[in-house]
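Shown next, in structure tokens, is the structure this report addresses.
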Amino acid sequence: MLKKIAAVLFASIALLLAWQSMSSEPKTENTPGSVHPSPAVRYKEQKPAQPTARPAPSTPAAATIEDRVHALADSRDPAEYLEVYQLIEECLELERNKEIEKVEVKKVRKEGKEEFEVETSKLSGDELEAKRKSCATMSGRTRLDRFEVLKYAADRHAPGAIALYMYRGPNGDLAALLERRDDPQVAAWRKEVTAKLQEGIDLGYPDALLQAFSGYAILGNEPTAADAYAIGLASNKVIGAINHDDGPYRQRSLDDWSAALSPQQRSEAQNKAERIFQN
């Protein structure tokens, strides 16, 4: 069961991390607390408050994993921290399984509609051998510190980092997050990550908005109808502006969330959504 949950969540992350090269997905129905792959997003224009596209690595592609880790000491780029974290995880996968699976998100047309599919393939040949040589340098310190690298990226809103940080669980222990929510250390971690996610939502970061309901669910939080309505409206404003469409949430979902609200609560939620959009 845990592996099935993890597979769904990591497929969602794969879609999220691939958003910059993809068109928007067809609209889907969403409800508070539901875990679902989030719509993929493509950045059309760059705005100051939005995360930037991942830059070219500051070290050569042939650099070892330890070279990349050491280079972070002179880097303040959250996207580079996220990239290095992902490289470390690849090395650990290679160590465990003697192979590495590549995950690609492709846009396909089925029955006249555009859909997204997650495809996996094995690393092989020269590419696999180069990865083995790079990973052979990995130290025990790098293994232990990898979640601090990810935390740095998430704290500074690297695109997709908050999703990885949430779905890995406390120090990479997803089982602890799902099965021991009330453990004091897990509870403290949940509080920290909930604040991190909320900050991303309030500042209008697309990845935080797209992962809001999935994040609430895995962290064990239930948004109020007013919060859900505000997030839905804000997501449509932000993602709609990026993709030049109406956004990911149908009017039916917005109506369901707003139905139980008083006129004042509805107005406050609308004002909150506008503030998020302006941010």
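Results for (1) more than 22 Å from Ile218 (Cα to Cα); (2) in contact with a helix residue (DSSP H, G or I) (Cβ under 6 Å, 6 or more places away or on another chain); (3) modelled with pLDDT of 90 or more, shown as yes or no for each residue.
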position: Lys106; (1), (2), (3): yes, no, no
position: Gly112; (1), (2), (3): yes, no, no
position: Gly125; (1), (2), (3): yes, no, no
position: Lys131; (1), (2), (3): yes, no, no
position: Ile162; (1), (2), (3): no, yes, yes
position: Arg168; (1), (2), (3): no, no, yes
position: Asp173; (1), (2), (3): no, no, yes
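Selection of first residues in the stretch 179-205 that are closer than 28 Å to Pro159 by Cβ and of second residues that are acidic (Asp, Glu), restricted to Cβ pairs under 8 Å at least 6 apart or on distinct chains, gives the following pairs, ordered by first then second residue: Lys196/Asp155; Gly200/Asp207. Do we find a residue being part of a helix (DSSP H, G or I), of a type in the set (Ser, Thr, Tyr) and surrounded by 11 or more Cβ atoms within 10 Å (Cβ to Cβ) anywhere in the stretch 112-132? No, every residue in the stretch 112-132 fails to be part of a helix (DSSP H, G or I), of a type in the set (Ser, Thr, Tyr) and surrounded by 11 or more Cβ atoms within 10 Å (Cβ to Cβ). Go through the residues of the stretch 127-135 one by one and say whether even a single one is free of Cβ contacts under 8 Å to residues at least 40 places away in the same chain and more than 19 Å from Ile65 (Cβ to Cβ). No: zero hits. Quick check: anything in the stretch 164-177 over 19 Å from Glu90 (Cβ atoms), surrounded by fewer than 19 Cβ atoms within 10 Å (Cβ to Cβ) and in contact with a Gly (Cβ under 9 Å, 6 or more places away or on another chain)? Yes, that holds for at least one residue. Of the numbered conditions (1) under 18 Å from the mean Cα position of the chain (by Cα); (2) farther than 29 Å from Arg275 by Cβ; (3) touching a residue at least 60 places away in the same chain (Cβ under 8 Å); (4) not in a helix (DSSP H, G or I), His157 fails exactly one; give the number of that condition. (2) is the only condition that His157 fails. Has the stretch 64-73 got at least one residue that is in a loop (DSSP other than H, G, I, E, B) and at pLDDT below 75? Checked against the condition, which is being in a loop (DSSP other than H, G, I, E, B) and at pLDDT below 75, the stretch 64-73 yields no hits at all.
Scanning the stretch 254-267 for residues that are of a type in the set (Gly, Ala, Ser) and crowded, with 16+ Cβ neighbours inside 10 Å yields a single hit, Ser258. Of all residues in the stretch 69-97, those that are closer than 13 Å to Thr142 by Cα and surrounded by fewer than 17 Cβ atoms within 10 Å (Cβ to Cβ) have Cβ atoms under 7 Å from Cβ atoms of residues that are of a type in the set (S, T, N, Q) and modelled with pLDDT under 90, 6 or more apart or on another chain, in Ala71/Ser58; Ala71/Thr59.
Just one of Arg54, Arg76 is part of a loop (DSSP other than H, G, I, E, B), under 24 Å from the mean Cα position of the chain (by Cα), at pLDDT 75 or above and closer than 30 Å to Ile239 by Cβ; which is it?
On the way: Arg54 fails: at pLDDT 75 or above.
The unique qualifying residue is Arg76.
The values are calculated or read from the model by the stated rules, or taken from the named source; none is laboratory data. As the structure is a computational prediction, the values presented were derived from the model and not from experiment. A quick note on method: Cβ atoms are made from the backbone with ideal geometry, for glycine too, and the neighbour counts reach across all protein chains shown.
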